[in-house]
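The structure appears right after this line, and notes come after that.
The values are calculated or read from the model by the stated rules, or taken from the named source; none is laboratory data. This one's a predicted model, so the numbers in the text were calculated from it and none came from an experiment. Glycine also receives a Cβ, built like all others from the backbone with ideal geometry; neighbour counts cover every protein chain displayed. For the accessible areas, the whole protein counts, side chains as well, though only heavy atoms, and no ligand, DNA or RNA atoms are used. Shrake-Rupley method; radii C 1.70, N 1.55, O 1.52, S 1.80 Å.
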Amino acid sequence: MARQGYDTIFAVEYTGIENVSTYRFSRNIFPSGTTPNGMVHACQFYGDTTHDFFIDKYEVSNRAYSEFVDRGGYQKKEYWKFPFVDGNKTLAWKEAMTLLVNRTDQPGPSGWQAGDFPDGEDDYPVTGISWYEAAAYAEFAGKELPTIHHWESAKGLPYYNSHVINQSNSTRQSLAKVGTFKGINAFGTYDMAENAREWCVNESANKRTIRGGAWNDPSYTYPHLVWIPPLDRSEKNGFRCAKYIQRETIPEWSFAPVSPGHFFDSTFWYRAKTVSDEVFDVVKNAFFYYKKDLEEKIESNDDTHKDWKREKISFTTAYDDKRVILY
């Protein structure tokens, strides 16, 4: 959407809904220069009211995060606003910072070394970071980590899910450069599904939420919540930031802790135990079928009509050798 004097908006809407003939595709537009660089506008719905906010178009990249590292972000306590919790233990800031180091024991994401990210990965999502590092970067950038509710709104309604997943990084092979896959969400965000999973601000029982699933996660994790320790620095962990318009009008429950088991919690998938081979064989055998030659045959073929062709086909069943007719 483009209009002179306003920021251009690039967004999508799913049209496979009832009463599509009466459906109106609309988005708010903002005066030129209002939308922060690298962000897109989205809406959070509160009953009959909406709240506008901005969210990063892409996941925070290595290039962007390196500015935080290079400018002493790990040495400036003012960016680290939250108490460090390790299980039931609270850590002092200096003690916690000894844990937030790279492969060569320098401050930075767990997968970096010598104070830098791997060559050629400038535009890849930064990963291997804890929730605290993501929150500190957001503070440095003048933004915040999104709430689970705002992240959900930016993702779009549930009928987007399969369409986005099919066009996202579900390769199970490796992380991809931001924007490589064209699984665009409702408000113009990319890579919310299956590239790096993304930290959100909400907590629960000394854990923090992370959303979207990673490139090597099952696709069903995309719309769900996962709860992990905030000091977890898995290669899967990335993030994007939000910037709120009139933050004081956002209901407090948006930022409040959320109990596991609520709001698309899929942590149970990670807690599930692998069954024994014997149990698996019982389940697998329920889907057993005989593999045999169907001996398919075209019985007749009528292509005299200009708009269609009719074929009569027969094949042998796999269980009693009778022929089945198919048109």
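Name the residues in the stretch 151-165 that are at pLDDT below 85 and of a type in the set (S, T, N, Q), would you?
Passing the criteria: Asn161, Ser162.
Considering only the stretch 184-206, state which residues are part of a strand (DSSP E or B), acidic (Asp, Glu) and either open to solvent by 20 Å² or more (accessible area, probe 1.4 Å) or without any contact (Cβ under 8 Å) to a residue 40 or more places away in the chain (or both). Walk me through how you get there before you give the answer.
Initial filter on the stretch 184-206 (part of a strand (DSSP E or B)): 195, 197-204.
Applying the additional criterion that residues be acidic (Asp, Glu) yields 198, 203.
Selection gives Glu203 alone.
Quick check on this structure: which one of Phe45, Phe82 is in a loop (DSSP other than H, G, I, E, B) and closer than 29 Å to Trp253 by Cα?
Just a single option satisfies the conditions, and that option is Phe82.
State the number of residues belonging to the stretch 85-98 that are free of Cβ contacts under 8 Å to residues at least 12 places away in the same chain and either of a type in the set (Gly, Ala, Ser) or open to solvent by less than 30 Å² (accessible area, probe 1.4 Å) (or both).
2
Go through the stretch 41-68 residue by residue and tally those that are open to solvent by 20 Å² or more (accessible area, probe 1.4 Å) and of a type outside the set (Ser, Thr, Tyr).
So the answer is 8.
A quick yes/no check of all residues on (1) over 20 Å from Pro218 (Cβ atoms); (2) in contact with a Phe, Trp or Tyr (Cβ under 9 Å, 6 or more places away or on another chain); (3) among the aromatic types (Phe, Trp, Tyr); (4) open to solvent by less than 40 Å² (accessible area, probe 1.4 Å):
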residue: Leu100; (1), (2), (3), (4): yes, yes, no, yes
residue: Asp105; (1), (2), (3), (4): yes, no, no, no
residue: Ala114; (1), (2), (3), (4): yes, no, no, no
residue: Phe117; (1), (2), (3), (4): yes, yes, yes, yes
residue: Leu145; (1), (2), (3), (4): yes, yes, no, yes
residue: Ser153; (1), (2), (3), (4): yes, yes, no, yes
residue: Ile165; (1), (2), (3), (4): no, yes, no, yes
residue: Ala176; (1), (2), (3), (4): no, yes, no, yes
residue: Lys182; (1), (2), (3), (4): yes, yes, no, no
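State whether one or more residues within the stretch 255-266 are at pLDDT 90 or above, surrounded by 10 or more Cβ atoms within 10 Å (Cβ to Cβ) and not in a loop (DSSP other than H, G, I, E, B).
The answer is no; no qualifying residue exists.
Taking Gly238 and the conditions (1) of a type in the set (Gly, Ala, Ser); (2) modelled with pLDDT of 90 or more; (3) touching a Lys or Arg at 6+ places or on another chain (Cβ under 6 Å), which numbered condition does it fall short on, given that it satisfies the others?
Only one criterion is unmet by Gly238, namely (3).
Before we move on, is Tyr289 modelled with pLDDT of 90 or more, over 27 Å from Thr221 (Cβ atoms) and open to solvent by 90 Å² or more (accessible area, probe 1.4 Å)? Talk me through it step by step, then tell me what you get.
Values: modelled with pLDDT of 90 or more: no; over 27 Å from Thr221 (Cβ atoms): yes; open to solvent by 90 Å² or more (accessible area, probe 1.4 Å): yes.
No; evaluated as a whole, the condition is false for this residue.
For Ser153, only one of the following conditions fails: (1) more than 24 Å from Leu91 (Cβ to Cβ); (2) out of contact with any Gly (no Cβ under 9 Å at 6 or more places or on another chain); (3) in a loop (DSSP other than H, G, I, E, B); (4) not basic (Lys, Arg). What is its number?
(3)
Hey, among Ala138, Ala154, Ala134, which residue is at negative phi, in contact with an Asp or Glu (Cβ under 6 Å, 6 or more places away or on another chain) and not hydroxyl-bearing (Ser, Thr, Tyr)?
Residue meeting the stated conditions: Ala138.
Looking only at residues that are at pLDDT 85 or above and out of contact with any strand residue (DSSP E or B) (no Cβ under 7 Å at 6 or more places or on another chain) in the stretch 1-37, which one is farthest from Asp52 (Cα to Cα)?
Gln4
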